[in-house]
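K.L.:
Sharing a structure, written as structure tokens. Questions coming.
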Amino acid sequence: MAEATKPAATKTAAGSTALKATVLGKQAKADLPKEIFSEPFHEALVYEAARADLAARRRGTHSSLTRGEVAMTTAKAWRQKGTGRARAGALSVPHRYGGGAAFGPKPRHYTVKVNRKARRKALRAALSVHAERGSVAVLDGSTFSKPATKQAATALSKWGAESPTLVVIASDEEAAAKSFRNIDGVIVALANAAGVADVMGASSLVVSEAALQELASRAKPGDAADAGRAV
């Protein structure tokens, strides 16, 4: 596929630099919120948040049987003396065939706590990576009044999206979700569920206009944002 077009940086009336990205399927450009797309990269912070995201997805339902749980007789294997063999007790001990596991896994959770400010900063850093290398595009969700996979695939191809591509949409953009979800190499995620691991694991990022606002509220720095709900 063609190389993604890097977002243009333009000067506003106040003299500050505004980030712009291609609107998928159109020739227009859309503004990217500078407060969440201009964060310096923090490797340790991004790693911590991505690790927490992936760990939280583990179900932790693995379980093995201990020596008290295996279906085995509790009778002594043979008498203590007089057989010429080594003394033996229960057959359910871990070192015997069919015995229980000595230190086997049991159900547990893998949740790792990450501070809210750190998680917000990591999300901004992950989004800023795509803005810096020009691998982010904005999607107008209103162009998909009904599912249209061919239209979505054509728009991605013309833009030059590289796989894997992450498409972030709002919860009410069901038609857009159905349009992208069956395309090979495309992952669709809701704006309130997309994590740092998802953003960093994608070569191309497509964000709908509605989802962009949700991401901005999740990643926005400052005390006012941190006083809201947890990310």
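The values are calculated or read from the model by the stated rules, or taken from the named source; none is laboratory data. This is a predicted model, so every value here is computed, not measured. Virtual Cβ from ideal backbone geometry, glycine too; neighbours counted across all protein chains shown. Remember, those area values only see protein heavy atoms, side chains included, never the ligands or the DNA or RNA. Shrake-Rupley method; radii C 1.70, N 1.55, O 1.52, S 1.80 Å.
K.L.:
Exactly one condition in (1) touching a Ser or Thr at 6+ places or on another chain (Cβ under 9 Å); (2) in contact (Cβ under 8 Å) with a residue 60 or more places away in the chain; (3) open to solvent by 70 Å² or more (accessible area, probe 1.4 Å) is not met by Leu54; state its number.
P.N.:
Exception for Leu54: condition (1).
K.L.:
In segment 135-151, what residues are outside any loop (DSSP other than H, G, I, E, B) and aliphatic (A, V, I, L, M)?
P.N.:
Those that are outside any loop (DSSP other than H, G, I, E, B) and aliphatic (A, V, I, L, M): Val136, Ala137, Val138, Leu139.
K.L.:
Continuing with the same structure: For residues that are more than 19 Å from Ala21 (Cα to Cα), hydroxyl-bearing (Ser, Thr, Tyr) and touching a strand residue (DSSP E or B) at 6+ places or on another chain (Cβ under 7 Å), tally how many sit in segment 160-192.
P.N.:
Matching residues across segment 160-192 total 1.
K.L.:
Right, next: Can you pull out every residue in segment 147-156 that is open to solvent by less than 20 Å² (accessible area, probe 1.4 Å) and within 14 Å of Lys178 (Cα to Cα)?
P.N.:
Correct list: Ala152 only.
K.L.:
I would also like to ask the following. Before we move on, is Arg57 at pLDDT below 95, among the basic types (Lys, Arg) and within 16 Å of Ala194 (Cβ to Cβ)?
P.N.:
Here the answer is yes, as Arg57 does meet what is asked.
K.L.:
Would you check which residues across segment 164-197 are within 18 Å of Ala210 (Cβ to Cβ), of a type in the set (S, T, N, Q) and within 19 Å of the chain's Cα centre (by Cα) and list them?
P.N.:
Ser171, Asn192
K.L.:
Which pairs turn up if I take residues in segment 180-197 that are closer than 19 Å to Lys220 by Cβ and in contact (Cβ under 8 Å) with a residue 12 or more places away in the chain and look for partners that are surrounded by fewer than 17 Cβ atoms within 10 Å (Cβ to Cβ) and among the aromatic types (Phe, Trp, Tyr) with beta carbon separation below 8 Å, at least 6 apart in sequence or on another chain?
P.N.:
No pair meets every condition.
K.L.:
Within segment 156-194, count every residue that is polar (S, T, N, Q) and under 21 Å from His130 (Cα atoms).
P.N.:
Residues meeting the conditions: 4.
K.L.:
Another question, if that's okay. When you go through Lys76, Lys113, Lys34, Lys26 one by one, which is the residue that is over 30 Å from Ala216 (Cβ atoms) and surrounded by fewer than 17 Cβ atoms within 10 Å (Cβ to Cβ)?
P.N.:
Of Lys76, Lys113, Lys34, Lys26, the one residue that is over 30 Å from Ala216 (Cβ atoms) and surrounded by fewer than 17 Cβ atoms within 10 Å (Cβ to Cβ) is Lys76.
K.L.:
Just the residues that are among the hydroxyl-bearing types (Ser, Thr, Tyr), in a loop (DSSP other than H, G, I, E, B) and open to solvent by less than 50 Å² (accessible area, probe 1.4 Å), please, taken from segment 157-211.
P.N.:
Ser203
Here's the yes/no breakdown for (1) out of contact with any Gly (no Cβ under 9 Å at 6 or more places or on another chain); (2) surrounded by fewer than 17 Cβ atoms within 10 Å (Cβ to Cβ); (3) of a type outside the set (D, E, K, R):
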{"site": "Leu45", "(1), (2), (3)": "yes, no, yes"}
{"site": "Ser64", "(1), (2), (3)": "no, yes, yes"}
{"site": "Val93", "(1), (2), (3)": "no, yes, yes"}
{"site": "Ala102", "(1), (2), (3)": "yes, yes, yes"}
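K.L.:
Continuing with the same structure: On the given criteria, is Phe144 buried (at least 19 other Cβ atoms within 10 Å of the Cβ), at pLDDT 95 or above and under 16 Å from Gly25 (Cα atoms)?
P.N.:
no
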